Structure formats: C-alpha cells, structure tokens
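Let me begin by presenting the structure, written as structure tokens, before commenting on it.
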There are 2 protein chains.
Amino acid sequence: MSKTLGDLGERGIYRTLLTPRYQHVEGFGDDSAVLGRGLVASTDSCPTPLIEKLEPGISAFHEGWLLATINLSDLAAAGAEPLGLVVNYTLPATTTTEYFKQLMDGVDACAAKHRTQVVGGDLRDGKEKYLTATAIGWAEPRLSRRGAEPGDALLLIGDPGYLWAWAATREREDLPKQLRRRLWKRASRPKAQLKAGRLLAWKGLAAAAVDVSDGLYSSVRLLTEANGLGADLAGEIELDAELAKVCELAGLDSFALGQTWGDWSLLVAVHPEHLEDAILALKMAKIGVRRIGTMTDSHTELTVGGVEWTGVDQERFSERSWQGGGIEEKIRALQKNSSGSV
Amino acid sequence: MSKTLGDLGERGIYRTLLTPRYQHVEGFGDDSAVLGRGLVASTDSCPTPLIEKLEPGISAFHEGWLLATINLSDLAAAGAEPLGLVVNYTLPATTTTEYFKQLMDGVDACAAKHRTQVVGGDLRDGKEKYLTATAIGWAEPRLSRRGAEPGDALLLIGDPGYLWAWAATREREDLPKQLRRRLWKRASRPKAQLKAGRLLAWKGLAAAAVDVSDGLYSSVRLLTEANGLGADLAGEIELDAELAKVCELAGLDSFALGQTWGDWSLLVAVHPEHLEDAILALKMAKIGVRRIGTMTDSHTELTVGGVEWTGVDQERFSERSWQGGGIEEKIRALQKNSSGSV
C-alpha cells in the first residue's frame with residue numbers, strides 16, 4: 001500500500017517531501033515566503049475556530065477576524081509592514097448574505113486595526129466553506145527563523161493565554177462578569193504582533209523569530225531546529241495581571257496556559273547584548289514581553305529547568321492534529337496539578 | 001427567510017455586497033489586486049478540473065499545472081511580470097504521497113514554464129481537498145478592465161478551444177492518433193498569456209484587458225460593463241489550423257468552440273490606431289491573435305453581427321455554475337447546427 005500524508009505526519013512531509021524540493025528557495029521554512037525586492041508573502045487558511053467549535057454559529061465576524069490575524073501574524077514574524085491582503089472564499093450557495101457580510105466585516109475590521117486592507121480576492125461556490133487569505137508585506141531588514149545563537153534569550157511577545165483561558169472558564173458563572181467579558185473580547189479579537197516584529201527588525205534587535213501558531217512547544221522546536229540548537233525554559237511564564245487572576249480563581253496553571261496557541265504571540269531569540277534594549281523598546285511601545293528561556297547548544301534538546309520538556313504538539317496530519325478535536329482534554333490539562341503540558 | 005448567496009448569484013453578490021464595500025479600492029473588479037508600488041496580486045482556487053471530471057484520477061499533475069496557470073493568467077491580464085507563487089493546500093490525511101508529489105510537480109513545472117517559482121505556502125489536513133494559490137507580480141504600466149472606447153478592436157489572444165475540443169472528441173477513436181495526442185497535450189497544459197500581457201502593457205498597445213476564465217461571453221460582458229460600452233462580434237473565430245481540422249472531422253462549430261473556457265486566453269481592447277502594431281508585435285512573438293469584434297457605444301449590449309448574442313454563462317452561485325455539471329450538454333452545444341452558444 002502506498003504511503004499517505006497521514007503516515008508521514010507534518011514533520012515527515014516537511015522533511016521528506018518539501019525540504020528536498022524547496023530548500024533552495026530563499027526563506028524556505030520561514031513563516032513568510034520571500035519574493036525578492038524586500039517583499040514577503042504569507043498564505044494561511046482559517047480552520048474552524050476553537051470558538052466556533054465550542055459555541056457554534058456565533059462567530060462569522062470572529063472567523064473573518066481570525067483569517068486576517070493568522071496571515072498578518074506570519075508577516076509579523078518576518079518583521080514586515082503589510083501592503084495588503086487578498087482573500088479567497090469558497091462558500092456553499094446556501095450561505096446567507098448576513099453570514100457573508102459579517103465574515104467580510106471581521107476581515108475588514110481586523111485589517112483596518114492592523115493599518116492595512118483587503119485589496120482583492122476570489123469568491124466561488126463549493127460544497128463546503130473554505131476560507132483562505134494571503135498577506136503581502138515589505139520587510140527590509142527581514143526577520144527569519146535562522147540567526148539564533150547559544151545563550152540568546154527567548155522572548156515571548158504579545159499576550160498569550162487568553163483564548164484557552166476563555167475556553168476553560170466559559171461556563172464558570174462564578175467568575176466576575178467583567179473579567180469574563182474581557183476574556184471573551186481578547187479571545188475573539190486576537191491581534192498579530194506586527195508592531196513588535198517591525199520594531200525589532202528595524203532596530204536590529206532580534207536574532208530570529210517565529211510566530212506562535214500551533215502552541216509554544218511547537219514554536220520553540222521550530223526555532224531550535226532551524227538553528228541546530230536547544231532551548232531551556234524557565235518553567236514559569238508571567239501572564240497579564242487579569243490572566244493571573246483567572247488562574248487563581250479558576251485553578252489554572254499559568255505555565256500551561258502560557259504555552260497555548262490562539263493569541264498569535266511572537267517568539268523571538270535575542271542576543272544577550274541586545275536584550276535590555278529589546279525589552280525596553282517593546283515596553284515603551286506598550287507591547288507585552290516576557291523572557292521565557294534561553295537558547296542552548298544542546299542540539300534540538302528542549303528542557304524546562306534542565307529537565308526534558310514534553311509539550312503536546314498540534315502536529316498537522318497526525319492524531320494530535322488540532323482539527324482532530326480533543327478540546328475538553330486539552331482544557332483539563334490546563335488545570336493546576338495536571339501534567340501541565342498543552 | 002434570509003437571502004442566500006445562491007439567491008443573489010455571482011452578479012448580484014458583486015453588485016450588492018462587494019461593490020459598496022470595496023469599490024474605493026484601487027483595481028477593484030480587475031483580475032489582479034493592486035498593492036501599490038507597481039505590485040499586483042491575484043488569488044484563485046482550483047476547482048475540480050474538467051479533465052478530472054471526465055477521466056477521474058489521471059490528473060494530479062494537471063491539477064497542479066492548472067492551479068498555477070489560473071493564477072498566472074490573472075497576472076497576464078494586468079500585464080504583470082510574476083515575482084512568485086504562494087500555494088495553499090488542504091488535503092485529507094489519506095492523500096497518497098505519490099498524489100501530493102505529482103501535484104507539486106505540476107505546479108512547479110508550470111511555474112518554471114512561466115519563468116517563475118513557488119516561493120512558499122501552507123499545507124494542512126482537512127476533510128476535503130482544497131487547492132488555492134496566490135500569484136504576486138510587478139505591473140508597471142498596469143493593464144486594467146477599464147480604458148476601452150467605442151470603436152476599439154476586440155482581440156482574442158492565445159489559442160482558444162483546445163480543452164473543449166479534447167473533451168468533445170476524447171472518445172472519437174476515428175480521429176488521427178497524433179491529432180488526439182496533440183489535443184490532450186494542449187488541453188492538459190494550458191499556459192497563461194503572460195508574455196502577451198507584458199508586451200502590450202509595456203508598448204502601451206492595449207486599452208483594456210481581461211482573461212478568459214469563465215468563457216468568452218462572460219469576459220466580453222465584464223469588459224463592456226467595466227467601460228459602460230457594448231460589443232459586436234464578427235460571428236467567426238479563427239482557430240488554430242489543427243483545431244480547424246478537428247472541427248471539420250468531428251463536426252464541431254468553430255465559433256462555439258472559440259467561445260469556450262479552459263485555455264486561458266486574454267481578451268484585449270485595442271484602440272484603432274494601435275491595432276496594426278499590436279497584431280504585429282504579437283505575431284512576431286509567435287503569440288496567437290485574432291480580431292473577434294468591436295467595442296460599441298450601445299451600453300452593455302452584446303451582439304453578433306448586430307443580432308443579440310446570448311452566450312451561456314458560467315455564472316458562479318447559480319444553476320449554471322460550472323461546478324454544477326452539465327458537461328455532456330455543453331459538449332452537444334459545440335456541434336454544428338446546435339444553438340452555438342457555449
């Protein structure tokens with residue numbers, strides 16, 4: 001029987017099918033493709049959002065918002081300034097105009113929030129809904145996954161944990177109403193870290209960068225593999241004050257929550273001599289930043305305080321693929337005294 | 001009951017939902033989106049190819065080839081030079097690696113044929129196969145749908161008719177083997193008219209341009225509507241010598257065949273004073289070109305020799321949507337003495 005993509009898994013596909021074919025292409029493996037002349041492009045489709053899975057039908061606007069954020073986040077990892085988005089929608093003919101309008105509202109609002117816009121697209125009818133987009137940007141200088149060295153600080157930029165904090169507490173009516181509303185707002189309107197990416201690229205303060213699209217473990221692994229290095233995490237991730245409050249009230253583990261995906265943080269390696277400047281520049285721009293660990297010279301070894309770190313992947317084309325489900329199980333893993341890896 | 005996209009149809013969606021929202025965006029309505037700085041981008045998904053529908057399972061390479069051609073053809077209509085393609089594949093985990101390799105072979109071969117390449121992309125697992133791509137290019141000067149005037153010649157550039165000639169004769173074993181092989185080759189490896197678009201844009205010889213993605217009728221209508229004009233067709237379309245032969249042997253109507261889609265021709269309006277130069281320049285570059293009609297000042301009226309032209313649309317989100325099927329019926333309409341509109 002011939003092999004399938006599922007047999008190989010995402011990493012197998014990358015290694016055996018994509019690398020031999022495309023490794024000579026500049027920027028191969030980075031979040032954004034390199035077009036030359038300082039131009040980059042990124043394309044991503046929008047899977048069914050977690051929010052839609054948990055509360056079906058409420059999220060046309062959110063879906064559109066997410067589609068834009070996902071694509072802009074890849075530009076952020078390149079340190080790019082967005083030039084525009086092109087969208088590609090396949091929708092069943094039975095889609096209501098109301099749904100379609102809300103979807104476009106979400107994309108347009110998110111693009112505007114990031115100071116860019118939809119410049120074109122394609123729409124066709126099909127059996128199933130399928131949303132994809134491409135973001136084009138200008139990145140000179142450009143950040144890539146490569147460039148980190150042993151001893152570099154690992155910075156997690158943005159505000160991780162909101163989506164899964166919302167997911168884990170959405171039925172907890174004992175939590176303060178205002179807090180729950182705030183979680184919902186942050187969870188449903190994630191922003192790409194474009195400003196942070198540009199700032200660090202322009203100032204030459206980042207050695208390497210990747211966005212957190214499939215969880216922290218997966219992103220740290222991408223960064224270490226791209227550089228032939230390892231990483232040692234501190235074992236604590238400082239969250240926003242309100243998330244710390246949620247952890248306290250709902251018994252969630254902040255280190256586990258900080259490892260989740262859906263908030264479109266950036267993971268950046270910074271040489272020690274740039275660390276102070278980088279943190280200062282980000283803080284002055286009111287961008288959330290915390291040091292979570294250090295790049296090490298132990299080839300692709302991932303540890304927490306020196307002990308093996310076994311994160312759970314969101315590996316595509318595997319049983320652990322996010323599209324495979326298992327939401328409640330993942331929420332349980334966020335509870336304090338669980339294994340703590342999400 | 002709330003309205004659906006199917007109720008509105010493609011033209012209704014365009015008029016009532018997209019135009020109010022996006023008409024201020026430069027290049028709105030054109031085949032390619034305008035990013036500024038001379039940059040354009042185009043995104044299209046690849047529907048199940050006609051060839052795949054007629055002969056299931058033979059066409060992974062063809063599918064990939066088509067995905068690239070579809071997107072590059074939009075750049076051709078902008079007169080653009082391609083900078084690269086980004087691809088976006090959703091594939092079931094059960095997809096064989098062999099299929100995936102052939103798909104990539106097709107995209108890569110087609111990109112190389114057009115002197116460009118895949119610079120990046122995204123791959124994820126999903127229930128159904130879904131292929132989309134974005135082509136980014138540089139177009140200065142840029143061609144658009146607007147700019148045509150009454151009296152302009154309508155040129156059809158490229159080699160129309162191959163795909164449907166193949167479809168209509170694929171079971172005709174009485175046709176010369178070599179001819180059938182040639183039809184298959186042309187039908188399965190359509191090329192975008194990038195060279196023609198660039199040539200006409202750079203020389204300032206085209207007043208307006210659109211690619212033929214959904215059939216000639218649909219493209220002529222797009223061009224007339226964008227310019228508030230009408231068009232009168234000559235009623236004859238000169239096909240390649242080998243296609244003329246096929247029409248003779250298989251009893252196909254050359255005017256009907258010339259109106260079909262799938263060969264990624266360009267439709268261009270040319271001011272009378274540029275007509276001779278345009279045709280000469282194209283012929284010297286060995287690009288197929290024929291004059292098929294004239295732009296008129298009768299607002300959006302489409303005629304053939306002065307008599308109403310009623311082409312059959314491939315309108316999306318309608319019963320006549322190409323994805324709706326009806327292939328055999330369309331093939332019958334290519335026979336001589338049928339209504340002749342395809």
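Rg and Dmax of the range B:19-138, Cα atoms, in Å?
Cα radius of gyration and Dmax of the range B:19-138 are 15.1, 45 Å respectively.
Please turn the phi angles of the range B:134-150 into ³J(HN,Hα) values with the Karplus equation 6.51 cos²θ - 1.76 cosθ + 1.60 (θ = phi - 60°), one per residue in order, whole Hz, x for glycine and proline.
10, 10, 10, x, 10, 9, 9, x, 10, 8, 9, 6, 9, x, 7, 10, x
Given the Cα-Cα distance of residue A:297 and residue A:181 and 0.36 nm per residue of separation, how much length would full extension add, in nm? Provide the component values of the computation, followed by the final result.
Numbers: separation 116, 0.36 × 116 = 41.76 nm, distance 4.37 nm.
In short, 37.4 nm is gained.
Tally Lys/Arg at +1 and Asp/Glu at -1 over every other residue whose Cβ is under 13 Å from the Cβ of residue A:112; what's the total?
Values: positive: A:113, A:115, A:189, A:191, B:21; negative: A:105, A:108.
Taking every other residue near residue A:112 into account, the sum is +3.
Mean-square fluctuation check for chain B, GNM, Cα pairs under 10 Å: which of B:306, B:197, B:288 is largest?
Comparing B:306, B:197, B:288 in a Gaussian network model of chain B, the most mobile one is B:306.
Once you compute Rg and the Kirkwood Rh from C-alpha atoms, what is the Rg to Rh ratio for chain A?
Details: Rg = 19.4 Å, Rh = 20.5 Å.
For chain A, the value is 0.95.
Please quote Rg/Rh for the protein assembly as shown to two decimal places, taking the Kirkwood radius as Rh and restricting both calculations to Cα atoms. It would help to have the intermediate numbers written out before the result.
Values: Rg = 26.7 Å, Rh = 26.5 Å.
Taking Rg over the Kirkwood Rh, I get 1.01.
Enumerate by residue number the chymotrypsin sites (Phe, Trp or Tyr not before Pro) in the range B:81-126 meeting two conditions: DSSP loop (anything except H, G, I, E, B), and at most 11 other Cβ atoms within 10 Å of the site's Cβ.
Values: sites: B:89, B:99, B:100; in loops: none.
Loop-located and lightly packed - none at all.
Taking a 1.4 Å probe, which of A:284, A:295 shows the most accessible area, and what order do the others take after it?
Working: A:284 145, A:295 5 Å².
So, going from the largest accessible area down, we get A:284, A:295.
In the range B:222-314, what % of DSSP beta bridges are antiparallel (nearest 5)?
Details: 6 of 9 bridges.
Percent antiparallel among DSSP bridges in the range B:222-314 is about 65.
Quickly work out the residue B:115-to-residue A:146 label distance, labels modelled 7 Å from Cα along the C-beta direction, and quote it in nm with one decimal.
2.8 nm
So the label point goes 7 Å from the Cα of residue A:327 along Cα→C-beta, right? Which residues of the range A:44-70 then have their backbone N under 14 Å from it?
Residues A:47-60, A:63 fall inside that zone.
Applying the Karplus parametrisation 6.51 cos²θ - 1.76 cosθ + 1.60 with θ = phi - 60° to the phi angles of the range B:163-178, what ³J(HN,Hα) value in whole Hz is obtained for each residue in order, glycine and proline being reported as x?
Calculated HN-Hα couplings, in order: 4, 6, 5, 4, 4, 6, 10, 5, 9, 8, 6, 6, 6, x, 4, 4 Hz.
Note down the accessible area of residue B:108, probe 1.4 Å, to the nearest 10 Å².
Number for this one is 40 Å².
Given the convex hull over the Cα atoms of the range B:153-332, what projected area results after averaging over all orientations, in nm²? Before the final figure, lay out each step's value.
Values: hull surface 42.1 nm².
Projected over every direction and averaged, the Cα hull of the range B:153-332 covers 10.5 nm².
Determine the order of A:15, B:186, B:11 by accessible area, beginning with the largest, at a probe radius of 1.4 Å. Mind dumping the intermediate values first?
On the way: A:15 155, B:186 60, B:11 90 Å².
From most accessible down to least: A:15, B:11, B:186.
Relative contact order of the range A:31-138, please, whole-number percent, based on alpha carbon pairs below 8 angstrom and at least 6 residues apart.
On the way: 214 pairs, mean separation 44.1, N = 108.
Rounded, it is 41 percent for the range A:31-138.
Could you give the accessible area per residue of chain A, probe 1.4 Å, as a whole number in Å²?
Numbers: 13670 Å² over 342 residues.
Accessible area per residue: 40 Å².
Could you compute how much accessible surface residue B:124 exposes when probed at 1.4 Å, giving the result in Å² to the nearest 10?
Taking all protein chains as shown, residue B:124 has close to 30 Å².
Compute, for residue A:98, the solvent-accessible surface of its heavy atoms (probe 1.4 Å) with the complete set of protein chains present, and express it in square angstrom to the nearest 10.
The accessible area of residue A:98 comes to roughly 90 Å².
To the nearest Å, what is the center-to-center distance of the range A:25-61 and the range B:115-188, using C-alpha atoms only?
27 Å
Grab the other residues whose beta carbon is less than 9 angstrom from that of residue B:242, score K and R as +1, D and E as -1, and report the net.
Working: positive: B:182, B:186, B:245; negative: B:240.
Charge balance near residue B:242 sits at +2.
What is the antiparallel percent of DSSP beta bridges lying wholly in the range A:153-332, to the nearest 5? All intermediate terms of the calculation are to be shown ahead of the outcome.
On the way: 20 of 23 bridges.
Rounded to the nearest five, the antiparallel share is 85 percent.
Protein chains only, probe 1.4 Å: how do B:296, B:90 rank by accessible area, largest first? Mind showing how you got there, number by number?
Numbers: B:296 35, B:90 10 Å².
Ranked list, largest accessible area first: B:296, B:90.
From the phi angles alone, apply the Karplus equation (6.51, -1.76, 1.60; θ = phi - 60°) to the range B:99-106 and give each ³J(HN,Hα) in whole Hz, x where the residue is Gly or Pro.
4, 4, 5, 5, 4, 5, 4, x
Near the amide H of residue A:4, under 5 Å away, which other amide H atoms are found, from residues 5 or more places off or on another chain, if H is placed in the peptide plane?
Sorted by chain and number, the residues that satisfy this are B:97.
Which residues of the range A:107-128 bury at least 50 Å² of accessible area once all protein chains are present, versus their chain alone (1.4 Å probe)?
A:119, A:123, A:124, A:125, A:128
Given only helices, namely DSSP H runs of n ≥ 4 each adding -39500 (n - 2.57), what is the per-residue ellipticity at 222 nm of chain B, to the nearest 500 deg cm²/dmol? Write out the running numbers ahead of the final one.
On the way: 13 runs with 128 residues, N = 342.
Rounded to the nearest 500, the figure is -11000 deg cm²/dmol.
Amide H to amide H under 5 Å from residue B:123: which residues, 5+ apart in sequence or cross-chain, H placed 1.01 Å off N in plane?
Correct list: B:89.
The values are calculated or read from the model by the stated rules, or taken from the named source; none is laboratory data. Computed from a prediction, not measured in an experiment: that's the story for all the values here. Positions of Cβ are generated from backbone atoms using ideal geometry, with glycine treated the same way; all protein chains shown enter the neighbour counts. Heads up: the accessible areas ignore ligands, DNA and RNA and are worked out on the full protein's heavy atoms, side chains in. Shrake-Rupley method; radii C 1.70, N 1.55, O 1.52, S 1.80 Å.
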